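Below is one structure, written out as structure tokens, with a few remarks after it.
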Amino acid sequence: MTQAVAAANGQQGADAHRATDKSKTIKASSLTLERKLALKVKTARKHRTTVRFFNAHRSLLRSDDKRPIAVAVLNRAKRGLSKARKEIRYYERLIRERAAERRARRLASATPKVAICEVFGRYCRQAVAVAWCESRHRTTARNGQYLGLFQMGTYARQLAGHGDSAYEQAVAAHRYFVDSGRDWSPWSCGWAAS
């Protein structure tokens, strides 16, 4: 007998009691976000199965003797599915945010070449060559008003931003690069990109 049928008949399987006891022994705080997400996906799947069961067996909802229990089980499954979907979105967002934080920490301390390649993507080789020509990959390079890896002037820094780390400087240079039509002409070492 399936769980949905048992629920519609007002019965609870022996597995339900074991699962409840087992879930109480696992501390929620000790679970990773990925594991919590997996549990919520499993819960959503269970509720979705129950809803589909009752959609396929509408006679249980019309039956005089089984209707009250069937309606209660269906409504509980719909509420549970809605809650599980919200929790899934919440955990997915948390996982994305944590991954972005880890990536930002990794890139904040990245070497100039790694940071440049991460930001410029398919223009990596060109950007590394221009940065090498401009500053020898030194984030602290200064030539009058021109600062950083890509020796961006005051106007360019106002438009695209600037920062202390190689990653921040690469992001700013990429913004300026894109604003100039993906063209290296604003840089005196633009010739190095070819």
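Per residue, the chain reaches -22000 deg cm²/dmol at 222 nm when only DSSP H runs of four or more residues are counted, each adding -39500 (n - 2.57). Against the chain, whose longest principal axis comes from its Cα atoms, helix 124-135 is set at around 40 degrees.
Taking the square roots of five times each eigenvalue of the Cα gyration tensor of the chain, the equivalent ellipsoid has semi-axes of 61, 18, 12 Å, listed largest first.
The distance from the alpha carbon centre of region 128-145 to that of region 51-74 is 71 Å, rounded to a whole number. Entry note, the chain: relative contact order of 16 percent, from Cα contacts under 8 Å with a spacing of 6+ residues. Only lysine pairs 8 or more places apart or on separate chains count here, and in region 38-98 those with Cα atoms under 19 Å apart total 11. Using the Cβ-Cβ distance between LYS78 and ARG122 with R0 = 41 Å, the FRET efficiency computed as 1/(1 + (r/R0)^6) comes to roughly 0.30. Spin-label pair GLU92-ALA38: with each label point 7 Å from Cα along the Cα-Cβ axis, the two points sit 1.8 nm from one another. Placing a label point 7 Å from the Cα of ASP179 along the Cα-to-Cβ line, the residues of region 131-157 whose backbone N sits under 18 Å from it are 145-157.
The numbers here are math on the coordinates, done by the rules we state, and not lab data. What you see is a predicted model; the values in this text were computed from it and never measured. Every residue, glycine as well, gets a Cβ built from its backbone with ideal geometry; the counts of neighbours run over all protein chains shown.
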